[in-house]
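Comments concern the structure below.
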Amino acid sequence: MKQAYTIFAQYYDQIMSTVPYCDWVEYLETLLKEINYHPRIILDLACGTGNMTLLLAKRGYKMLGIDGSKEMVKVAQKKAEQKKLDVSFSQGDFRTFQLKEPVDLVISLYDSLNYLLTEEDLELTFKQVNKALNPYAYFIFDMNTVWRLTNIEEGNSMFEGDGYYCFWRDEVDKAGPYWKVYLTFFIENPDGSMWRKDEIHVERAYPITTISKLLVKTGFRVEQVYDAFTLNPGNDKSERIYFVAKKVESVVLD
């Protein structure tokens, strides 16, 4: 299951300020045009601090957001209130979340599903997504590939901002393959002293064939696998891939 963002949630938007969320929204709408699909209600699963959720809400979609981190959800809710956008955010486990009513589209972006570290957890999540969707609705998500995770350059980075320093260390375990990010925050107190908080985030990559097999098993048809931000087919040498899957049958949850 996705590891909880605690301290990182407070500084996430600053550290990830270069992420081109607007371009991601454009790409998502390009994919929707490719399949000639016009969703009204969208669930952003692993919504984080709500950047994609709120951008889509501005474009007229009715948005719901679920994240595993209550700290991330708090940040997202505050941003929605500041922007006066009517978006429903909640904390939930990807493997067990439930909605009051089904939606037309589920999205999960920025390699969030790579945080599911077993095939069992991935399958359980796909089952819940199936349950959350209207008949013949779509599930669009991205994942880092095995090639990407095994070719990440190990090393250290540092980020700093108003009242904090963050030391970021990348480590790769090719057995999974797993990408491990070790974060060490030093945060300034009002009296000028500093306190330390450590977090570890782990991603696992899966072969395209494994992901496709689990989608079919949980009631989806894989319509296309794209090399991220293009309309070219994704393959084992892609860094990030987008799946476009259509719900073709309902599954019974155990």
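The values are calculated or read from the model by the stated rules, or taken from the named source; none is laboratory data. Note that this is a predicted model, so its numbers are computed, not measured. FYI the Cβ positions are ideal-geometry reconstructions off the backbone, even for glycines, and counts take in every protein chain you see. What goes into the accessible areas is simple: the full protein's heavy atoms, side chains included, and nothing from ligands, DNA or RNA. Shrake-Rupley method; radii C 1.70, N 1.55, O 1.52, S 1.80 Å.
Structure data summary
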quantity	calculated
Accessible surface of the chain [probe 1.4 Å, protein heavy atoms]: carbon and sulfur percent	47 percent
Cβ crowding within 10 Å averaged over residues, with 195-203, 213-221 ranked highest first	213-221, 195-203
Protection proxy ranking of 60-69, 239-248 - average other beta-carbon atoms within 10 Å, highest first	60-69, 239-248
DSSP-defined antiparallel bridges as percent of all bridges, the chain, nearest 5	70 percent
Count of Lys pairs (Cα-Cα under 17 Å; at least 8 positions apart or interchain) in the range 122-254	13
Per residue accessible area in Å² of the chain, where ligands, DNA and RNA are left out and the probe is 1.4 Å	48 Å²
Alpha-carbon gyration tensor eigenvalues x 5, square-rooted, for the chain, Å	30, 22, 17
Cα centroid separation - the range 169-230 against the range 74-136, whole Å	16 Å
Debye intensity ratio I(q)/I(0), log10, the range 161-254, q values 0.13, 0.19, 0.25, 0.26 Å⁻¹ (C-alpha model)	-0.70, -0.94, -1.19, -1.22
Compactness of the range 166-218, expressed as Rg and Dmax over alpha-carbon positions, Å	17.9, 57
